[in-house]
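In what follows, a structure is listed as structure tokens, so that the remarks can point back to it.
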Amino acid sequence: LKLLGDRQIQFLDQWTDDWAGAAMKAVLSQTAFCGAVHLHGSPTNRLLADLDCNGWPQTGRQVALERVRRVWAPHLCGDQHLAVLVQHGLESKSDGPYAFTSPAIVNTIFGRWWHPENEQPGENPVADSPLDWTGEYEDGLGNLIRMLAYANPQDRKDETQRADGHGIVRFNKKDQTITFECWSRFADVDDGDAVQFPGWPVTIRRSQNDGRTVRGYLPELRFSGSKSPVVKVIRERDDEVLYCVRVQGDRFRPAVYEPGNYTIEIGRDRPGQKVMTGVTSGTKADKRITQVQLR
């Protein structure tokens, strides 16, 4: 079964290579790629598998998130009536990109809640979080996620306690960080003392949108002719693109996630200049350097 159509996958493949005019990227969709909700409509209505999301079919969901992870992009969406910030999992519960579902701007019709049945935090919970149920979970569709923040309605009868509002995402190109903010509809954002929903704001490094464990490094690349080029790393055993990102400055050390041979392509706005092929990943102590003249 498919989640995205063939033309959408083809578009994403082209988009991951095209960095013209871009320093950072984000992916937008109507709804979430997971079912990060337990209670639907009322606090007594527990639903196992939420089909009102793009968390299924799971194979299609994995394909889509793999493309998002390639460019270290966060995923931004709405439609779930509940604000959540998660890190998607593909092979493990936090090896994929971060995803922010903004709250409904007016949440008067259909309430939803994140409320694990055992009322226990998952593994690897957020340190010092004011929220009880953060950490690694599996949703009702079998998708792996790590919950970082959620904004449950506190009192559906009180319009100020329905957890409606809006999200703001700030991309800092200089620092290569992304900050997720989540505000109540009744908060004055311009007020320096205004408080966001508990658990927010959250700031991550752009590279954290690829949560895979680094197992080694390829030789450091040092660029001349242009700074901040696009670097694409391809695993040769199956031609899998690990990532294709615009790097900062005149040097970059590509990380890899398993021993093996890799091809590296670079370019000013898109990869195309093959600079290394058959290169084997080294250890963290490896001091190899490759000088690259950008054409």
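Quick look at the values:
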{"quantity": "Any strands (runs of 3 or more DSSP E) falling wholly within segment 98-170 and containing at least 2 residues that are open to solvent by less than 10 Å² (accessible area, probe 1.4 Å)", "calculated": "98-101, 144-151"}
{"quantity": "Condition check for residue 84: surrounded by fewer than 18 Cβ atoms within 10 Å (Cβ to Cβ) and either assigned to a loop (DSSP other than H, G, I, E, B) or touching a strand residue (DSSP E or B) at 6+ places or on another chain (Cβ under 6 Å) (or both)", "calculated": "no"}
{"quantity": "Close pairs from segment 201-220: first over 27 Å from residue 166 (Cβ atoms), partner part of a helix (DSSP H, G or I), Cβ under 7 Å, at least 6 apart", "calculated": "210/69"}
{"quantity": "Subset of segment 53-79 [open to solvent by less than 50 Å² (accessible area, probe 1.4 Å) and outside any helix (DSSP H, G or I)]", "calculated": "53, 54, 55, 57, 71, 72, 73, 74, 75, 76, 77, 78"}
{"quantity": "Positions within segment 87-97 being open to solvent by less than 60 Å² (accessible area, probe 1.4 Å) and over 24 Å from residue 196 (Cα atoms), in sequence order", "calculated": "89, 90, 92, 94, 95, 96"}
{"quantity": "Boolean, residue 211 is out of contact with any strand residue (DSSP E or B) (no Cβ under 8 Å at 6 or more places or on another chain) and closer than 30 Å to residue 148 by Cβ", "calculated": "no"}
{"quantity": "From 249, 260, residue being within 14 Å of residue 276 (Cβ to Cβ), small (Gly, Ala, Ser) and surrounded by fewer than 20 Cβ atoms within 10 Å (Cβ to Cβ)", "calculated": "260"}
{"quantity": "Residue satisfying all of: in segment 1-52; touching a Gly at 6+ places or on another chain (Cβ under 9 Å) and aromatic (Phe, Trp, Tyr); surrounded by the fewest Cβ atoms within 10 Å (Cβ to Cβ) among these", "calculated": "19"}
{"quantity": "Residue within segment 188-197 that is in contact (Cβ under 8 Å) with a residue 40 or more places away in the chain and buried (at least 16 other Cβ atoms within 10 Å of the Cβ) present", "calculated": "yes"}
{"quantity": "Residue in segment 222-244 that is crowded, with 19+ Cβ neighbours inside 10 Å, more than 21 Å from residue 13 (Cα to Cα) and either touching a residue at least 40 places away in the same chain (Cβ under 8 Å) or more than 25 Å from the chain's Cα centre (by Cα) (or both) present", "calculated": "yes"}
{"quantity": "Test: residue 131 is hydrophobic (A, V, I, L, M, F, W, C) and either without any contact (Cβ under 8 Å) to a residue 60 or more places away in the chain or within 19 Å of residue 30 (Cβ to Cβ) (or both)", "calculated": "no"}
{"quantity": "Options 49, 22: the member that is of a type in the set (Gly, Ala, Ser), under 25 Å from residue 243 (Cβ atoms), over 15 Å from the mean Cα position of the chain (by Cα) and assigned to a loop (DSSP other than H, G, I, E, B)", "calculated": "22"}
{"quantity": "Residue match in segment 72-88 (condition: touching a Ser or Thr at 6+ places or on another chain (Cβ under 8 Å), small (Gly, Ala, Ser) and modelled with pLDDT under 95)", "calculated": "yes"}
{"quantity": "Leading residue by the ranking (farthest from residue 65 (Cα to Cα)) among those in segment 87-97 that are within 9 Å of the chain's Cα centre (by Cα) and outside any loop (DSSP other than H, G, I, E, B)", "calculated": "87"}
{"quantity": "Strands (runs of 3 or more DSSP E) lying entirely in segment 196-295 (those with 1 or more residues that are among the hydrophobic types (A, V, I, L, M, F, W, C) and closer than 24 Å to residue 89 by Cβ)", "calculated": "202-205, 230-235, 240-246"}
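Let's see how each residue does on (1) of a type outside the set (Ser, Thr, Tyr); (2) touching a helix residue (DSSP H, G or I) at 6+ places or on another chain (Cβ under 7 Å); (3) farther than 22 Å from residue 137 by Cα:
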site	(1), (2), (3)
50	yes, no, no
56	yes, no, no
71	yes, yes, yes
105	yes, no, yes
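The values are calculated or read from the model by the stated rules, or taken from the named source; none is laboratory data. Here the structure is a predicted model, which is why all the values come from computation and not from measurement. We place every Cβ from the backbone using ideal geometry, glycine too, and count neighbours over all the protein chains shown. Calculation scope for accessible area: heavy atoms of the full protein, side chains included, ligands and nucleic acids excluded. Shrake-Rupley method; radii C 1.70, N 1.55, O 1.52, S 1.80 Å.
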